[in-house]
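Some notes on the structure that comes next.
The values are calculated or read from the model by the stated rules, or taken from the named source; none is laboratory data. Every value quoted in this text rests on a predicted model; they were computed, and no experiment measured them. Here the Cβ is made from the backbone with ideal geometry for all residues, glycine too, and neighbour counts use every protein chain on show. With ligands, DNA and RNA removed, areas are computed over all heavy atoms of the protein, side chains included. Shrake-Rupley method; radii C 1.70, N 1.55, O 1.52, S 1.80 Å.
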Amino acid sequence: MGILSSSVSITRYKVEGELQKPVLETVCSGFKKNCINEIENKSSDKSVGWACFDNPFVGNFHRSSFLIGTNIVVSLRIDKKTIPAKVVEKEYAIEANKRLKKSGRDFLSKQEKKDIKDNIVHSLNLKIPSIPNIYDVVWQYEEKTLLFFSSMKNPIEELESLFYKTFSIRLINLFPFTMSLFKSNLSDAEKNILINLSPTCFTE
Amino acid sequence: MIDISASYNKYGFIGNEFLTWLLFLIENDIDELSKINNSLITLELGDRIVMENIQENVNKTITIRGDGASLEEVMTALGTGALVSEINLSYKNNDQNWKFTLTGRSLKLTSLKSPKTIIFESGNDIEGVFLEKVYLYITITEFIDTFFEHFIKIRLSKDWIDTTVISIKSWINQK
């Protein structure tokens, strides 16, 4: 889901830590090192990496490709190949039948069955295209905040993991408890009350 | 040392209490909301409210749909101990209008429709539209932050039990 879409979902983060200076060079080099690897004609079934916001399929990272105003803007790209289970089932049945005929046996060992399935998945992955999904990211470095344009669990987990892998700094998801702790200017006494808080009952 | 990931579930109720408090103020004391955030012109219920009842370890969810999200059903659910876990809202500020769904447990914004921006015709315009969009998204997140910060200060103070909870209980019992 893109920033420029008519309807978006937003997950918010606090960025914990600082990058090595010069910051923009560190950011650029991090994006380059962890950019998306194409998996077309390869046996991999999934690839996760950074892609240019303005051109997520062919763009190369350079400063003007990720800096808009004071915002660091990038896309998280997740490419996935999905082979329908029934296709694997069909190919397996054909291949298993061939093997049985060739060997003259009437059964296949557990290992043989596994090898056949692995080979089928491998060869199908080489043939089928991956489906790309793009999720935009706006990082306001000075404010230590980051907006991620998705609310889905899987992309959120991929973002948190890729961000840490790229920059060795953590993203803290802002939900009510962390908002209270990090963004609400609470005193130590209030933080202590927060930690020991229990739900209110409005019906008694 | 606080385990941040465990705190998501442990303190999930804070978000639901926040949305319930927000609904209470929208219905009963919109002036109070305007005092908290003076940029507020109108804040109205949208077409969907999700109520969650986690009392006695039974997790029950009710979704209420329709314009103004049928307050009668919401009040009935509140009377059984449910709290607001998701709320669809419409926020107007001058000529601008944001529509969005806010989730209590995560404070995520979903189905966010921000005010219209200019249509871009060339590559150079994209940057301008982008900056305007980001500004509009930041505006709405800051708007929510203002209310949340106000809420959490009250929630952690003596006023919560002494005043706010009494008012909310009386509102629930009145209906």
Any residue that is acidic (Asp, Glu) and without any contact (Cβ under 8 Å) to a residue 12 or more places away in the chain - is there at least one of those in segment A:115-131? yes
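Residue by residue, here is whether (1) part of a helix (DSSP H, G or I); (2) at pLDDT below 95; (3) within 23 Å of residue B:110 (Cα to Cα) holds:
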site: A:108; (1), (2), (3): no, yes, no
site: A:137; (1), (2), (3): no, no, yes
site: A:160; (1), (2), (3): yes, no, yes
site: A:185; (1), (2), (3): no, yes, no
site: A:198; (1), (2), (3): no, yes, no
Kindly check whether there is at least one residue in segment A:82-94 that is over 22 Å from residue A:160 (Cα atoms) and open to solvent by less than 30 Å² (accessible area, probe 1.4 Å). yes
Residue selected from segment A:6-35 under the condition in a loop (DSSP other than H, G, I, E, B) and touching a residue at least 40 places away in the same chain (Cβ under 8 Å), by the criterion farthest from residue B:137 (Cα to Cα): A:34
Among the listed residues B:92, B:113, which satisfies the condition of being open to solvent by 50 Å² or more (accessible area, probe 1.4 Å), without any contact (Cβ under 8 Å) to a residue 24 or more places away in the chain and within 20 Å of the chain's Cα centre (by Cα)? B:113
All positions within segment A:1-16 that are open to solvent by less than 30 Å² (accessible area, probe 1.4 Å) and not charged (D, E, K, R): A:2, A:3, A:8, A:9, A:10, A:11, A:13, A:15
Would you mind finding the one in B:107, B:136 that is touching a Pro at 6+ places or on another chain (Cβ under 9 Å), closer than 27 Å to residue A:152 by Cα and in a loop (DSSP other than H, G, I, E, B)? B:107
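Listed here are the residues, each with its yes/no results for (1) under 17 Å from residue A:191 (Cβ atoms); (2) at pLDDT 90 or above; (3) within 13 Å of chain A (Cβ to nearest Cβ); (4) open to solvent by less than 30 Å² (accessible area, probe 1.4 Å).
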site: B:5; (1), (2), (3), (4): no, no, yes, no
site: B:11; (1), (2), (3), (4): yes, yes, yes, yes
site: B:17; (1), (2), (3), (4): no, yes, yes, yes
site: B:35; (1), (2), (3), (4): no, no, no, no
site: B:39; (1), (2), (3), (4): no, no, no, no
Given the options A:59, A:30, A:69, name the one that is within 30 Å of residue A:143 (Cβ to Cβ), in contact with a helix residue (DSSP H, G or I) (Cβ under 7 Å, 6 or more places away or on another chain) and loosely packed, with under 15 Cβ neighbours inside 10 Å. A:69
Within segment A:45-54, is even one residue farther than 30 Å from residue B:134 by Cα and either touching a Cys at 6+ places or on another chain (Cβ under 6 Å) or not in a strand (DSSP E or B) (or both)? yes
Do we find a residue being assigned to a loop (DSSP other than H, G, I, E, B) and either exposed (fewer than 13 other Cβ atoms within 10 Å of the Cβ) or of a type outside the set (A, V, I, L, M) (or both) anywhere in segment B:19-31? yes
Let me confirm something: among A:41, A:97, which residue is touching a residue at least 12 places away in the same chain (Cβ under 8 Å), more than 30 Å from residue B:103 (Cβ to Cβ), open to solvent by 50 Å² or more (accessible area, probe 1.4 Å) and of a type outside the set (Ser, Thr, Tyr)? A:41
Quick check on this structure: which one of B:54, B:49 is closer than 23 Å to residue A:203 by Cα, open to solvent by less than 60 Å² (accessible area, probe 1.4 Å) and touching a residue at least 12 places away in the same chain (Cβ under 8 Å)? B:49
The correct count of residues that are free of Cβ contacts under 8 Å to residues at least 12 places away in the same chain and open to solvent by less than 60 Å² (accessible area, probe 1.4 Å) in segment A:171-191 is 7
If I filter segment B:63-85 for residues that are surrounded by 15 or more Cβ atoms within 10 Å (Cβ to Cβ), within 26 Å of residue B:137 (Cα to Cα) and at pLDDT 85 or above, do I get at least one hit? yes
Test: residue B:161 is at pLDDT 90 or above, open to solvent by 60 Å² or more (accessible area, probe 1.4 Å), farther than 15 Å from residue B:15 by Cα and facing chain A (nearest Cβ under 9 Å): yes
Considering only residues that are within 14 Å of chain A (Cβ to nearest Cβ) and under 16 Å from the mean Cα position of the chain (by Cα), which ones fall in segment B:51-68? B:51, B:52
